[in-house]
Amino acid sequence: MMGLWRPLQVAWWRHMHPAGDNAAMSTALDIQHLPEQHTFAAVVDGHRCVADYRLDGGVMRMTHTFVHPALEGRGIAAQLVQAAFAWARAQGLKVDPVCSYVRVYLRRHPEWHDLQA
């Protein structure tokens, strides 16, 4: 049954929001940058969500994002990535989107293309 749930959930979302703006479902998060852990994190409904990175000279390698399955479709990963990108830009860093989610996000958002390493 779980395999059927996700496609139906995505299909419902796309029907209700044809523009595909997942951020419309979420509110602003309290995102914490934890540089000693190389992560941007937020706790949502008791679940820790993260966007992890490694610094390599002047490049921020975005290595991993995680949002609990119960929270998917609320724009949480997008907000974490946006916070990481904003920090990278402020620090004068380029971004290497190692994580597949970050790679797709960057491709879909031209306002961040100047950060691509």
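The values are calculated or read from the model by the stated rules, or taken from the named source; none is laboratory data. Since the model is a prediction, treat every value here as computed from it, not as a measurement. Note that we place each Cβ from the backbone using ideal geometry, even for glycine, and neighbour counts take in every protein chain shown.
Can you find even one residue in region 99-112 that is in a strand (DSSP E or B), surrounded by fewer than 20 Cβ atoms within 10 Å (Cβ to Cβ), at pLDDT 95 or above and not basic (Lys, Arg)?
So the first thing to find is which residues in region 99-112 are in a strand (DSSP E or B), and the list is none.
No, region 99-112 has no match at all.
What do you reckon, is Gly92 surrounded by fewer than 17 Cβ atoms within 10 Å (Cβ to Cβ), in contact with a Lys or Arg (Cβ under 7 Å, 6 or more places away or on another chain) and modelled with pLDDT of 95 or more? Please lay out each step first, then the result.
Details: surrounded by fewer than 17 Cβ atoms within 10 Å (Cβ to Cβ): yes; in contact with a Lys or Arg (Cβ under 7 Å, 6 or more places away or on another chain): no; modelled with pLDDT of 95 or more: yes.
Considered against the rule, which asks whether it is surrounded by fewer than 17 Cβ atoms within 10 Å (Cβ to Cβ), in contact with a Lys or Arg (Cβ under 7 Å, 6 or more places away or on another chain) and modelled with pLDDT of 95 or more, Gly92 comes out as no.
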